[in-house]
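Take a look at the structure set out below.
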């Protein structure tokens, strides 16, 4: 399967209701909601990538998560030079649990750090979760961007030489766009005038 980024445009934007024409977002594949693990290679990849942390003690299960991290890193690898040349700060959308929580999942950070060639990519957990919630993937309530933003905060340990660089917000699945908008709003409030683009493994579609 080809791994080339496509842009969210006027034909696809309406499927992600929190996005507007000012939002610049890209994706590799399409993930089909409510279709199950075996529906497609992309569904399988996303399910494996999202395997919860309590599976870590089960080697048979955990190896699939590790393989998914490696596969997705290879998808992003051809774009490493683009990110480096344009001096992007790569900002993972934070998971539903805060750093230090037993269920905290750093899969997006680990994937970004696995990109080869690394090109000295500037990867920062600049936005972090300050109040835990149930993840959407596990049946949690879908919150508005403004409500989600209230659960996030800027990681002050990562704020160094930020103003001059654009942000690439990275996540696995673009569904409503709520997470992307929440992180974007927080970054724009903190660093006015900053450039922002979103990059996703897949965008969510619904089977007919």
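All of the numbers you see were taken from the coordinates with simple rules; none came from a lab. The shown structure was predicted, so the numbers you read here are calculated from the model rather than taken from an experiment. Neighbour counts are summed over all protein chains in view; Cβ atoms, including those assigned to glycine, are modelled from backbone coordinates with ideal geometry.
Could you sort the peptides 164-175, 45-56 by per-residue average Cβ neighbour count (10 Å cutoff), highest mean leading?
164-175, 45-56
For the chain, give the share of DSSP beta bridges that are antiparallel, in percent and rounded to the nearest 5; count only bridges with both residues there.
20 percent
Computed FRET efficiency, Cβ-Cβ of residue 70 and residue 7, R0 25 Å: what is it to the nearest 0.05?
The calculated FRET efficiency here is 0.45.
Work out how much length residue 146 to residue 20 would gain on full extension: take 0.36 nm times their residue separation and subtract the Cα-Cα distance, in nm to one decimal.
Computed gain between residue 146 and residue 20 is 43.9 nm.
Nearest 500 deg cm²/dmol is fine: what mean residue ellipticity at 222 nm does the chain get from its DSSP H runs of n ≥ 4 alone, each adding -39,500 (n - 2.57), divided by its residue count?
When only DSSP H runs of four or more count, the value is -8000 deg cm²/dmol.
Give me the Kirkwood hydrodynamic radius of segment 22-206 in Å, from all C-alpha pairs, to one decimal place?
One decimal place: 16.8 Å for the Kirkwood radius.
Report the gain in length on full extension from residue 56 to residue 163: 0.36 nm times residue separation, minus Cα-Cα distance, nm rounded to one decimal.
Using 0.36 nm per residue and subtracting the Cα-Cα distance, I get 34.7 nm.
What order do you get for 204, 25 when you list them from fewest to most C-beta neighbours inside 10 Å?
204, 25
Give me the distance between the Cα centres of segment 129-207 and segment 1-74, rounded to whole Å.
Their Cα centres are 16 Å away from one another.
Does segment 109-208 come out rounded, prolate or oblate, given a ≥ b ≥ c as the square roots of the eigenvalues of its C-alpha gyration tensor, rounded meaning a/c under 1.5 and, failing that, prolate meaning a/b above b/c?
oblate
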